[in-house]
Structures are given as C-alpha cells and as structure tokens.
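Here's the structure, in structure tokens; my notes come after.
The values are calculated or read from the model by the stated rules, or taken from the named source; none is laboratory data. Treat the numbers as computed from the prediction; the structure is a model and nothing was measured. Cβ placement follows ideal geometry from the backbone for every residue including glycine, while neighbour counts extend to all protein chains displayed. When the accessible area is computed, the model is the full protein with side chains, heavy atoms only, and any ligands, DNA or RNA have been set aside. Shrake-Rupley method; radii C 1.70, N 1.55, O 1.52, S 1.80 Å.
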Amino acid sequence: MMSLVRICTCLLALAIYTVSCDDGETHHDYCVIGAGPGGLQMAYFLQRAKRDYIVFEKGPVAATFYTKLPIHRTLISINKRNTGKTNKEFNLRHDWNSLISNDDSLRMGMYSKDIFPDADAFVQYMNDFVQKLKLNVKFNTTIGNLGKKDPADDLFHVNDQHETEYTCKRVIVATGISKPVTVNNDQLKNVTVDYSDLSLDLEKFEGKSVLILGRGNSGFETAQYIMGRTNYIHMLGRQRLRLAWSTHYVGDLRAVNNGILDTYQLKSLDGLIEGDISDLPIERSELDDRFYLDAEKLGDQFGDIDNDALREGYDMVISCLGFQFDDALFNSTVKVKRAGSHRLKKYPRITYQYEASEMPGVFFAGTNTHSLDHRRSAGGFIHGFRYSARALHNILENRYHDVTWPAVNFQSAIEVIPHLIKRVNEASDIYQMFGVFCDIVIFGDDDTKAIYLESYPCALVSRIPQVSGHPVPGKLLVISMEYGKNSSGPAKDVFREDRAVGSAKEAHTSNFLHPIVYYYSKLPSDGMVLSRPKKWIVPVPDRIHHIVEDFTTVFDAPVTHVLGLRRFFETILGKDLRQYYVEQCMVASLVSSTIPESCKIYDMHGRGISAVADLKENLASMEPWLVQRMAVK
C-alpha cells in the first residue's frame with residue numbers, strides 16, 4: 001500500500017508542477033523529448049546558450065518514470081553529502097544524483113540525507129530543477145509520429161496526443177529505457193507478475209515460495225524487499241553473477257541489494273540458478289495450484305533430473321528482466337535501429353556524436369546513450385550521462401552555431417602541468433566517465449602555447465578539428481582516467497593482498513582508477529582509432545605515462561605523482577620545465593645561451609630575469625660595434 005507520505009508528496013507535486021512554460025510556438029530549433037534527468041540536463045545547457053528549444057513530457061511532472069520506479073522506492077545511486085572538501089567539482093565526483101547547474105541549491109544532498117535516497121525526494125529535486133531554472137517544459141504532452149514528410153526536408157515533424165503538430169530542426173530523444181523487457185516465452189507470460197506491477201504489501205509474500213526471473217538490480221532489489229517473508233527465493237538468470245565491486249561497473253549487482261547472496265551461500269534455502277529463460281518449461285499444477293518447472297525438458301542444464309534444484313515448485317513467478325528503449329515514438333520515415341544483440345539490443349544504435357546512425361538530425365541524451373560505454377563506464381546513469389549531455393551540447397554548438405569547444409589557453413607548456421594535476425585531482429567528468437571522456441592538450445607550432453580541452457569524447461580523438469573546431473597543428477596529449485586493463489571482471493579477486501602498487505616505477509601496473517597521459521606527435525587517423533588494440537580507448541601513442549594509483553585517488557604527491565609527469569613533459573617537448581629561483585635564473589641568463597622555460601615566464605613584469613636576459617641579448621648585438629669602437633681608439 002502506498003504510504004500516506006508518498007501520496008501527499010505526489011499530490012503536492014501534481015498541484016505545484018503541472019505547469020507548462022511553453023510559449024505556444026509550434027516550431028523550435030531543438031525539440032527535447034522527455035523531461036527526465038537526461039532531458040532536463042540538455043534543457044539546462046540549451047537555455048544557458050539561449051537556444052530556441054522545448055522539452056515535451058508525457059506526464060504531469062518532471063521525472064515521471066521515478067514517481068513509480070524503482071518499485072521499492074530506494075535509489076541505488078550514492079548520495080554522498082560529505083567529503084571533507086569544499087571544492088564543488090570534487091564533491092560532484094561523489095554525488096551520483098545531481099545534475100550540472102549554476103545553482104548551488106540544486107544538489108540532491110539538499111533533498112535527502114540518506115546515502116541511498118528515496119525516489120520521491122529525487123522527483124521533488126527534478127521538479128525544483130525545472131522551476132528554479134525556468135526551463136521550457138510542456139507537461140502532459142505525449143509525442144509520437146516523429147518523422148519527415150519529405151526525405152529532403154530539413155525539418156522533423158511530431159504530433160502530440162491532441163494532433164497538434166510541432167516542427168523541429170533537431171530532435172533530442174531523452175526518453176530513457178522505460179519499456180519493460182517481457183519474457184519471450186508464452187507459457188511464462190501467462191504466469192509471471194512483472195516487476196513494474198509488484199505490490200508493496202509484504203503480507204502478500206508471507207510464507208510464499210518465489211521464483212525471480214532475471215538477476216539484475218531490479219531482481220535483487222525485489223528479493224531484498226521480500227526475503228524476510230518468503231519460504232525461499234530462487235533467482236534464475238542466463239549468465240554468472242556480476243558484482244559491481246568486482247567489475248567496477250555500477251550497473252552490475254550492488255552490495256546494497258545482495259543480502260540473498262548470504263542466505264544462498266550460508267544455506268538458508270534461497271539460491272541462484274543459471275538457465276535460459278526463453279525456453280523455460282513451466283506449468284501450473286491442478287493439485288496445489290503452484291508452478292512447477294519440467295526438469296525433463298531442461299536438457300543438460302540440471303543434469304540428473306531426480307534431484308533437480310527446482311523440483312519443489314513456486315507460489316509466485318516474478319519477471320525482473322529490466323527495461324529497453326521504446327521506439328514507438330518514430331514513424332516509418334525515421335530509421336532507428338538497435339545497438340546490437342543480447343544486452344545492447346535494449347539501446348538505440350548511435351554514433352559517438354550521440355546521433356542516430358541511420359538518421360542524421362536525431363540525437364540522444366540520457367541513459368539511452370549507454371550503448372557507447374555499456375559495462376565499461378557510467379554513461380547509463382545520472383553521474384555519467386550528465387557529462388554526455390554536456391558533450392552533446394558542445395558538439396551541437398560547434399556543428400550548428402560555429403561555437404568552438406570550450407578551452408583553456410596557456411602561453412607556455414609549463415602552465416599546462418598544474419592545470420592537468422588540478423583536473424585529475426578534482427574533475428568529476430573524467431573521473432566518473434573513465435575511459436570515455438578525456439582531456440586534450442593541443443600544442444602550438446613551436447610547442448610553447450597550448451590549449452586545453454576538457455571532457456572530450458576519447459573515441460573522437462581523430463576528429464578533434466571537425467568536432468571541436470580547434471585545429472591540431474602538431475603534438476597533442478590525451479589524458480584519461482582508467483582502471484588497469486586486466487584488473488576487473490566477474491571472476492577477479494579485487495580484494496587480493498597485492499591489489500595495489502605504490503611506487504611510481506610500477507605505475508603502469510596500477511589496477512585501480514588512475515590517470516594515463518598519451519602523447520602523439522601528430523593527430524591520429526581514423527584508421528588508427530578503428531584498429532586500436534582491444535581494451536585500448538585510444539590508438540597506441542608515441543609515448544605513454546601512467547600516474548601511479550592512489551588509495552584516496554588524490555594524485556598530488558610531489559615526487560610520486562608530479563615529478564614523473566614533469567619529466568614526461570620535458571621528454572616530449574625537449575624543454576627544461578624545472579622551477580628556478582630568481583638567483584638561479586640570473587646565473588643562467590649570464591652564463592648560458594638558453595634560458596629555462598620558467599625563467600622566461602615568471603619575469604617579474606620585465607623588471608627581473610627577462611630584463612637581464614634582454615640586456616645580455618642587447619650586448620651580444622652590440623658586440624661588433626664595441627669592437628669597432630675599440631679598434632678606432
């Protein structure tokens with residue numbers, strides 16, 4: 001039964017937020033479909049850039065999906081409120097629920113103190129995000145029939161449920177993966193209860209024996225919720241169990257939901273079984289009205305059938321097979337295929353610029369972009385796709401509005417090092433989207449000046465000029481954060497005694513998340529990107545530097561972390577990048593033909609070292625004249 005608090009929360013949300021900011025126009029440059037976290041994050045960036053956009057939401061409130069799901073109301077995204085730091089970017093590293101904005105009050109930590117917050121608090125946060133930032137969202141608007149009336153037409157046409165037609169230059173689909181995956185088995189369809197329709201009344205599970213189909217977080221969430229009332233729970237899945245702390249993928253089983261692993265391994269009736277759900281033979285017995293699996297038809301899955309694990313039968317079968325992208329939005333003129341088979345088939349097929357592979361002008365934001373980094377990074381979750389949305393916005397800005405990718409300009413290579421150190425110690429984007437987003441350093445023709453691009457898609461390294469608008473005349477660096485290439489996996493013991501290294505000399509063997517700097521003497525080609533080795537996120541570089549892993553993921557130790565990086569820069573640039581005192585620079589300027597880089601930069605506004613260097617240069621130029629004067633005398 002829905003709690004009184006939840007009822008009041010939902011009624012309040014309906015009363016306050018069933019409001020449309022739409023100005024009544026039916027044509028917009030950008031149409032964003034879906035006002036979940038992905039769509040609202042896109043709306044924030046579009047509004048900040050003063051673009052003409054509208055967001056369509058089928059429900060009466062933002063984040064309608066979360067008003068019902070997860071069904072047991074507890075999120076598994078970490079709400080880390082305290083870090084001991086005041087740095088906003090660093091704190092965002094550990095905040096898995098907040099969107100990016102310029103309003104410091106719009107942080108999930110302001111709405112819940114729970115490490116795993118209630119979904120109702122998240123709905124409240126999402127709707128405040130709309131209201132406080134005055135985003136242009138049209139609620140209670142179900143969009144369909146998205147397509148083109150003429151293939152040569154530059155505009156997309158969509159209709160709402162009232163047959164009102166809207167036209168858009170570009171479409172951004174942010175509907176998430178909200179369509180339940182159904183059992184591909186007619187027998188099971190007739191006997192299963194879907195996760196989305198589960199009752200929260202625990203009395204309905206009292207003394208029941210339950211079979212759960214699927215072993216993702218929704219299945220384990222369900223088991224965790226009901227296990228105190230059931231006789232036993234069996235969970236059936238196709239492949240071996242994957243634990244998030246072992247695979248470093250937050251979409252795998254999280255510890256907060258794994259109570260049934262204890263009861264299974266400590267022999268308390270519950271258990272996990274591997275089997276193919278699609279061919280599962282199940283029947284309801286007329287004798288006791290319970291469900292039984294026909295072991296004789298299961299073939300080799302369970303071996304000798306007289307002691308098969310499923311022989312006791314079940315009172316209830318629950319389908320927890322997850323969700324998939326719903327393509328009912330499109331008409332026949334729009335071709336949006338699925339990303340692949342098996343796990344990837346629940347996502348649309350898109351390019352690394354978040355565009356439908358077969359339909360230019362249709363882009364995707366939010367969790368439905370996760371095919372690009374599935375099981376590799378956090379792109380399917382808020383703390384990941386908030387950065388994918390920002391990257392998509394930067395791509396759109398350059399492609400359609402001639403706005404170059406945001407960059408930090410440096411007058412000398414020596415200035416890049418502290419900024420790089422700052423980024424790997426604070427940045428949330430390359431930290432949470434490890435191996436997916438990289439920082440890029442582009443050096444000028446003479447290796448002195450440099451520009452620094454932050455949070456750029458690693459897979460598009462060969463397309464930097466086209467995607468970012470910045471030319472690459474010569475050398476460049478790609479900075480990423482990655483786990484050791486062989487450190488993660490469902491069978492890996494990530495708690496083994498020798499799981500970490502501490503010496504800079506062994507940095508390349510680091511297993512935990514750590515920075516890697518790739519150096520290229522020139523821009524890699526598309527062919528190099530396509531032929532890169534397995535598990536490599538970018539092509540094989542001319543040189544590579546690992547910054548050794550750190551227990552607290554703070555990489556600022558002067559010798560262990562910074563010294564090696566500085567020497568790496570000196571090697572690739574052929575410059576002395578050490579820091580000198582004024583006296584040392586004075587001596588160097590008098591006795592050496594070359595002056596260290598730091599002495600050239602920190603010149604005390606012309607009153608110090610540079611003045612001495614200039615004097616030496618002037619004296620050298622005057623030397624023939626002095627010799628001539630001395631000869632005359």
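The table for this structure:
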{"item": "Residue-count net charge about Ala459 - beta-carbon cut-off 12 Å; Lys, Arg +1, Asp, Glu -1", "result": "+1"}
{"item": "Relative packing of 72-85, 196-209, 43-56, 491-504, which averages over residues the other C-beta atoms within 10 Å, highest first", "result": "43-56, 72-85, 196-209, 491-504"}
{"item": "Calculated [θ] (222 nm, deg cm²/dmol) that DSSP helices of n ≥ 4 give over the chain, each run adding -39,500 (n - 2.57)", "result": "-7500 deg cm²/dmol"}
{"item": "For the chain, size of Cβ-based charge dipole, Lys and Arg +1, Asp and Glu -1, in debye", "result": "1660"}
{"item": "Net charge contributed by nearby residues that have their C-beta within less than 15 Å of Asn394 (K/R +1, D/E -1)", "result": "+1"}
{"item": "Farthest positive-ward along the chain dipole, Cα basis, beta-carbon charges - from Gln124, Tyr483, Asn185", "result": "Tyr483"}
{"item": "Kirkwood-based shape ratio for the chain, expressed as Rg/Rh from alpha carbons", "result": "1.06"}
{"item": "Cβ-placed point charges (K, R +1; D, E -1), dipole of the range 78-155 about Cα centre in debye, nearest 20", "result": "240"}
{"item": "Sparse-neighbour loop sites [GluC sites (Glu not before Pro); the range 20-90; at most 12 other C-beta within 10 Å; DSSP]", "result": "Glu25"}
{"item": "Carbon + sulfur, % of accessible area of the range 315-408 - ligands and nucleic acids excluded, 1.4 Å", "result": "50"}
{"item": "Translational D in µm²/s for the range 247-295 (Stokes-Einstein at 4 °C, 1.567 mPa s, Kirkwood Rh from C-alpha pairs)", "result": "93"}
{"item": "Computed over the range 115-248: relative contact order in percent, which uses C-alpha pairs under 8 Å that are six or more apart", "result": "12"}
{"item": "Under 20 Å from the Cα of Lys505 - lysines, other chains or at least 8 residues apart", "result": "Lys485"}
{"item": "Per residue, in Å², the accessible surface of the chain once ligands and nucleic acids are set aside, probe 1.4 Å", "result": "47"}
{"item": "The range 373-444: C-alpha gyration tensor shape, a/c 1.5 cut-off, then a/b vs b/c", "result": "oblate"}
{"item": "Stokes-Einstein D for the range 328-420, Kirkwood Rh over Cα pairs, 4 °C, 1.567 mPa s (µm²/s)", "result": "86"}
{"item": "The range 213-267, accessible surface, carbon-and-sulfur percent (1.4 angstrom probe)", "result": "48"}
{"item": "Interatomic Cα distance distribution for the range 433-530, bins of 5 angstrom, percent", "result": "3, 12, 20, 19, 15, 12, 10, 6, 3, 1"}
{"item": "Among Ile414, Ser101, Ile547 - extreme Cα towards positive end, dipole of the chain, charges at beta-carbon", "result": "Ile414"}
{"item": "Positive-end residue, the chain charge dipole about Cα centroid, Cβ charges, pick of Val250, His370, Val517", "result": "Val517"}
{"item": "Cut-off under 5 Å, modelled amide H: who pairs with Arg543 long-range", "result": "Tyr519"}
{"item": "Radius 10 Å from Cβ of Ile318, net charge of other residues (Lys, Arg +1; Asp, Glu -1)", "result": "-2"}
{"item": "Mean Kyte hydropathy of 1.0 or more with a Cα span along the axis of at least 24 Å, helices from DSSP in the chain", "result": "none"}
